[in-house]
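The values are calculated or read from the model by the stated rules, or taken from the named source; none is laboratory data. Keep in mind that this is a model prediction, so the values were computed, not measured. Backbone-built Cβ (ideal geometry, glycine too); neighbour counts: all protein chains shown. For the accessible areas, the whole protein counts, side chains as well, though only heavy atoms, and no ligand, DNA or RNA atoms are used. Shrake-Rupley method; radii C 1.70, N 1.55, O 1.52, S 1.80 Å.
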Amino acid sequence: MLLQRQGGAGNLTRNALGAAQLRRHTRLAPLGAASGRQLPGLVTTPHSGYHYDGSSRRFFEGWYWKVTADDGTSFALIYSVEDPAGGALQGGVGVQVMGPKDGDYLCQFNRDTSCFWADPHQLALGAALRPRTAMVPRAMTSHAEFTRLVEHGFQASATLQQGSIIANEAGAAGAPMSTVPDCSWDLSIRPVSGWGAQTSGGNQKATAGWLSVLSVFEPHWQVLMSHGLADGWVQWGGQRYEFKSAASYAEKNWGGGFPSKWHWIQCNTFDGQPGLSVTAVGARRALLLGADGLGLGEEDVGLIGVTCPGGEFIELVPWNSELEWDVDPWGRWWVKAVSDQYEAVVEAQCEKDAGTVLRAPTIAQGLAPFCKDTFNGRARLRVWRRTARGPGGGSGAGSRTNTPFIDAVTTSAALEVGGGPWWAAWSAKAAMKEPFKTLVQLPIDVGALGKLVPGPFKPPGL
């Protein structure tokens, strides 16, 4: 385990960049899951590491884990760090927990970013929001040691979530929204599928394509785990919730701030189809480099990604499909994607009075109320195979089969809208700008690239 004396925000630039720079303050822990070291056979995606490079530009990175029991009881654990260089008005470390009922919410925020650490090359992060001792963890440690050293904070990896927080929103934008005084959790997670086929033997995919290794889009996004199984517990105020082989999901974002507008559907708890997972999204993201000039312009992009129970992965993205959506400001989602091989439609609804307001990283205000979520969405996913040519084998755009080979429903979909605010239905088609649409189709494997680059030269995040 790596240990360091708790310091001020000015130390973070050194502290956040990895263990090598902390050796004079450290000691080693036993190897294994608690150390954060990647285990053999563990499903990992590109961009699992922490992307902060030490610069002073506006930067955030955020992680989202969701766990859902068989009866639909769900929690979301949301961690974020903003402007880790220190000194910025928006800077801080936030931990949000979205509880099992609409409106259930808890947040603890700390302006001192030096309490946060993350590994630049693998999925491991944590924070001592309120330490018990002068020495705090700077890497994954055992359950007992974390509890001994940290009163309020968390540690998280691909296989472990542990933490304890209280309602303390001072420093975060917006009025206090917490509905319970405290929450603690301890979950062991077994990732089953990442973002890519389980049976191909190849590397997992970068969700936004290989251009995600460059500062091209704002923000970047990666699904870390499309499906996993979680065991453990969450103590929500005075009530304890137990989880056994519960469906789990994880993703992350990083950059300067969230999109100006977006919608999102996620479900891996379809009725009678364990292991089936879908993520569907549409977003208006900024271009840091583009046809409109440096730092100018936005584009509407989206995707539908489906992980099938047998391991097949269906990726419908702007460079291989036509995508469109029609989404209300709240209560109704409809997303469609058509490629040469597949056609998919995701439909979802929720009650108008459902939902929980969450904070998200914003460029102007830092962590601020900026989106609305529910775990109680009614959703249907349908996927058809498509023929390569028209009827009779002649020329033509092709057609879909009559019957979808996936037709699944649920009443426990996670639904979200964010940004804006927007007051009318958003009907749009994904329109990725050139030259990015052409460049992203180059056969560059981000996962393989990350493995080939020697450690000292590997960029943060890969």
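What do you reckon, how do ILE265, ILE363, ILE166, ILE444 stack up by accessible area (1.4 Å probe), largest on top?
Details: ILE265 0, ILE363 105, ILE166 45, ILE444 75 Å².
Sorted descending by solvent-accessible area, the residues read ILE363, ILE444, ILE166, ILE265.
Just the accessible area per residue of the chain, please: how many Å² with a 1.4 Å probe?
That works out to 40 Å² per residue.
How charged is the neighbourhood of SER245? Take every other residue with its Cβ under 14 Å from the Cβ of SER245, and add Lys/Arg as +1 and Asp/Glu as -1.
Cβ neighbours under 14 Å give a net charge of -2.
Tell me what the chain gives for mean residue ellipticity at 222 nm when only DSSP H runs of n ≥ 4 count, each as -39,500 (n - 2.57), the sum divided by the residue total, rounded to 500 deg cm²/dmol.
Working: 4 runs with 22 residues, N = 462.
Using -39500 (n - 2.57) per qualifying helix, the result is -1000 deg cm²/dmol.
Pop the C-beta distance of LYS433 and ASP326 into the FRET formula with R0 = 25 Å and round what comes out to the nearest 0.05.
Details: r = 22 Å, r/R0 = 0.88.
After rounding, the FRET efficiency stands at 0.70.
Just the Cα atoms of the range 196-238: what Rg and Dmax do they give in Å?
Computed over the Cα atoms of the range 196-238, radius of gyration and Dmax are 16.1, 46 Å.
Largest first and in whole Å, give the semi-axes of the range 226-278's equivalent ellipsoid, each being the square root of 5 times a Cα gyration tensor eigenvalue. It would help to have the intermediate numbers written out before the result.
Working: eigenvalues 130, 70, 22 Å².
So the three semi-axes of the range 226-278 are 26, 19, 10 Å.
I want to verify the translational diffusion coefficient of the range 227-376 in µm²/s; compute it with Stokes-Einstein, Rh as the Kirkwood radius over Cα pairs, at 37 °C and 0.692 mPa s.
186 µm²/s
Would you mind computing Rg(Cα) / (2.2 N^0.38 Å) for the range 294-442, counting N as its residues?
Working: Rg = 17.7 Å, N = 149, 2.2 N^0.38 = 14.7 Å.
Normalised Rg, Cα atoms only: 1.20.
Could you pull out every residue, at least 5 positions away or on a different chain, whose amide H is within less than 5 Å of the one on GLY398? Hs are placed 1.01 Å off N in the peptide plane, and Pro or chain starts have none.
Here GLY390 satisfy the definition.
Roughly how many nanometres apart are two label points built 7 Å out from the Cα toward the Cβ at LEU288 and GLU151?
Placing both labels 7 Å along Cα→Cβ, they lie 3.9 nm apart.
Starting from the Cα gyration tensor of the range 150-304, take the square roots of the eigenvalues, sort them a ≥ b ≥ c, and report rounded, prolate or oblate (rounded when a/c is under 1.5, otherwise prolate if a/b is larger than b/c, else oblate).
Values: a/c = 2.18, a/b = 1.28, b/c = 1.71.
Taking the square roots of the gyration eigenvalues as a ≥ b ≥ c, the range 150-304 is oblate.
How big is Rg to Rh over the range 145-226, alpha-carbon atoms, Rh as the Kirkwood inverse-mean-distance radius?
Numbers: Rg = 17.9 Å, Rh = 16.4 Å.
Value, to two decimals: 1.09.
Roughly how many Å is it from the Cα centre of the range 251-269 to that of the range 104-138, as a whole number?
22 Å
Sum up the charges of everything whose Cβ sits under 12 Å from the Cβ of ARG332, counting Lys and Arg as +1 and Asp and Glu as -1, but leave ARG332 out. Provide the component values of the computation, followed by the final result.
Numbers: positive: LYS352, ARG378; negative: ASP326, ASP328, GLU347, GLU351.
Residues close to ARG332 contribute a combined charge of -2.
I need the shape label for the chain. Rule: rounded when a/c is under 1.5, else prolate if a/b > b/c, else oblate, with a, b, c from the alpha carbon gyration tensor. Display every interim value, and only then the final one.
Values: a/c = 1.55, a/b = 1.42, b/c = 1.10.
The shape class here is prolate.
In the neighborhood of SER427, defined by Cβ-to-Cβ distances under 12 Å, what is the net charge if each Lys or Arg adds +1 and each Asp or Glu adds -1? Each step should come with its number before you reach the end.
Details: positive: ARG332, LYS336, LYS429; negative: ASP300, GLU324, ASP326, ASP328.
Counting the neighbours of SER427, the net charge comes to -1.
Rounded to the nearest angstrom and ordered from largest down, what semi-axes does the equivalent ellipsoid of the range 366-462 get from its C-alpha gyration tensor (root of 5λ)? Please list the in-between numbers first.
On the way: eigenvalues 209, 172, 62 Å².
Calculated on Cα positions only, the semi-axes equal 32, 29, 18 Å.
Label the range 63-184 by shape, choosing from rounded, prolate and oblate, from the square roots a ≥ b ≥ c of the eigenvalues of the Cα gyration tensor; if a/c is under 1.5 it is rounded, and otherwise prolate applies when a/b is larger than b/c, oblate when it is not. If you can, show how the numbers build up before the last one.
Values: a/c = 1.56, a/b = 1.15, b/c = 1.36.
Oblate shape, in that a/c is at least 1.5 and b/c is the bigger or equal ratio.
As a test of reading the structure, rank GLU151, GLU351, GLU218, GLU242 by solvent-accessible area (1.4 Å probe, protein chains only), most first.
Numbers: GLU151 65, GLU351 100, GLU218 15, GLU242 125 Å².
Descending order: GLU242, GLU351, GLU151, GLU218.
What three numbers, in Å, describe the spread of the alpha carbons of the range 50-91 along their principal axes, ordered from the longest?
Over the range 50-91, Cα extents along the principal axes are 45, 20, 10 Å.
Let me know the Kirkwood hydrodynamic radius for the range 278-366, please, with Cα pairs as the basis and the value in Å to one decimal. All intermediate terms of the calculation are to be shown ahead of the outcome.
Working: mean 1/r = 0.0649 Å⁻¹.
Across the range 278-366, the inverse of the average 1/r is 15.4 Å.
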